[in-house]
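**Q** Pasting a structure below so you can have a look.
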Amino acid sequence: MKHLIGLQAYDIRIKEKLAQKEKGPAAMQKRKEDLAAAEALLQEEIDKLGAHNSLSRETEREIQDLDERLKKSEGKLSSIKSNKEYKAALKEIEGIKREKEALEITVIEMMEQKDALVNACDDNRKKTEEMKQKFDQDLKQILRDMKILDKDLKELEKERDRCCKGTDTSLLKKYDILRGHRNGIAITPVIKGVCQACHMAIPPQKFNELIRGDKLMNCPNCARIMYWGEDERYQDDEEAT
Ligand SMILES: [Zn+2]
């Protein structure tokens, strides 16, 4: 029985370590996704800035075109003979000037927008870079932790094997089957007549039999192997493991 209690303690610790081992990669996966999202957002902003820049160059070119048209139209003025044509030419020049002014206002507005875009890009580039550095650091730490967990697990498995060797094989088989069916817990203390695994009271007569401790007994409710939890022989053992 003592061996089984020891074995159960090892198995609980092994289960805990395995659960811890699973947490690391899950946490890193989440972080990886967050980082990818930040990088995608940064790329979006870079693209936006690029589109803005080409639109801005386009507008500057339009202004240049208007300037040339203006020069041409003004150059023609001196060769115009009729009053009517002259008026029409002046009207055209006015139109070009208004168009140019409107575009120049747009250019100024675009310059202000560009500043905001550049700032947003810089901020996000910095943030993403920091995130990436932290990610790399944490990844290293998690890999280190995993190595330690692996070492602990190996050590625990070794101790568990040693424990198994001292235990009766048929009992070990029962223990393993129960462990598989009962969420990893095959053996349970009964304290003050209550099974500590399923929290059901066992009949007093059975409890008395258990205290005598001369045979292997299972909880009538959850079927786990029972031992008397207040027995001093086991108390020391529990503290030691
Ligand atoms: Zn029970």
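The values are calculated or read from the model by the stated rules, or taken from the named source; none is laboratory data. Keep in mind it's a predicted model, so treat the numbers as computed, not measured. FYI the Cβ positions are ideal-geometry reconstructions off the backbone, even for glycines, and counts take in every protein chain you see.
**Q** Anything in the stretch 105-124 that is of a type outside the set (S, T, N, Q) and surrounded by 13 or more Cβ atoms within 10 Å (Cβ to Cβ)? List them, or say none. Reasoning before the result, please.
**A** Residues of the stretch 105-124 of a type outside the set (S, T, N, Q): 105, 107-112, 114-118, 120-123.
Selection gives 107, 110, 114, 117, 118, 120, 121.
**Q** Let me ask something additional. Here is a list: 117, 149, 153. Which entry is within 22 Å of residue 12 (Cβ to Cβ) and in contact with a Leu (Cβ under 8 Å, 6 or more places away or on another chain)?
**A** Values: 117 fails: within 22 Å of residue 12 (Cβ to Cβ); 149 fails: in contact with a Leu (Cβ under 8 Å, 6 or more places away or on another chain).
Going through 117, 149, 153 in turn, the sole match is 153.
**Q** Of all residues in the stretch 178-203, which are part of a loop (DSSP other than H, G, I, E, B) and more than 10 Å from the ligand (Cβ to nearest atom)? Give the derivation first.
**A** To start, the set of residues in the stretch 178-203 that are part of a loop (DSSP other than H, G, I, E, B) comprises 182-186, 192-193, 196-200, 202-203.
Those that are part of a loop (DSSP other than H, G, I, E, B) and more than 10 Å from the ligand (Cβ to nearest atom): 183, 184, 186, 192, 193, 203.
**Q** Same structure, new question: Of the conditions (1) within 30 Å of residue 133 (Cα to Cα); (2) at pLDDT below 95; (3) surrounded by 13 or more Cβ atoms within 10 Å (Cβ to Cβ), residue 34 clears all except one; give me its number.
**A** (3)
**Q** Please determine, by comparing only the residues of the stretch 210-231 that are outside any helix (DSSP H, G or I) and aliphatic (A, V, I, L, M), which one is farthest from the ligand (Cβ to nearest atom). Steps first, answer last, please.
**A** Taking the stretch 210-231 as the starting set, the residues that turn out to be outside any helix (DSSP H, G or I) are 213-231.
With the extra rule that they be aliphatic (A, V, I, L, M), the set shrinks to 216-217, 223, 225-226.
Working: 216: 15, 217: 11, 223: 7, 225: 10, 226: 7 Å.
Checked the stretch 210-231; the qualifying residue farthest from the ligand (Cβ to nearest atom) is 216.
**Q** Would you point out which residue out of 66, 18 is in a helix (DSSP H, G or I) and exposed (fewer than 15 other Cβ atoms within 10 Å of the Cβ)?
**A** Details: 66 fails: exposed (fewer than 15 other Cβ atoms within 10 Å of the Cβ).
Every option except 18 fails the conditions.
**Q** Still on this model: If you scan the stretch 125-142, which residues turn out to be surrounded by fewer than 12 Cβ atoms within 10 Å (Cβ to Cβ) and farther than 30 Å from residue 53 by Cβ? Talk me through it step by step, then tell me what you get.
**A** Pass one, the stretch 125-142, residues surrounded by fewer than 12 Cβ atoms within 10 Å (Cβ to Cβ): 126, 130, 133, 136-137, 140-141.
The answer is 136, 137, 140, 141.
**Q** Which condition does residue 240 not pass, out of (1) aliphatic (A, V, I, L, M); (2) at pLDDT 90 or above; (3) surrounded by fewer than 11 Cβ atoms within 10 Å (Cβ to Cβ), if it passes all the others?
**A** For residue 240, the exception is condition (2).
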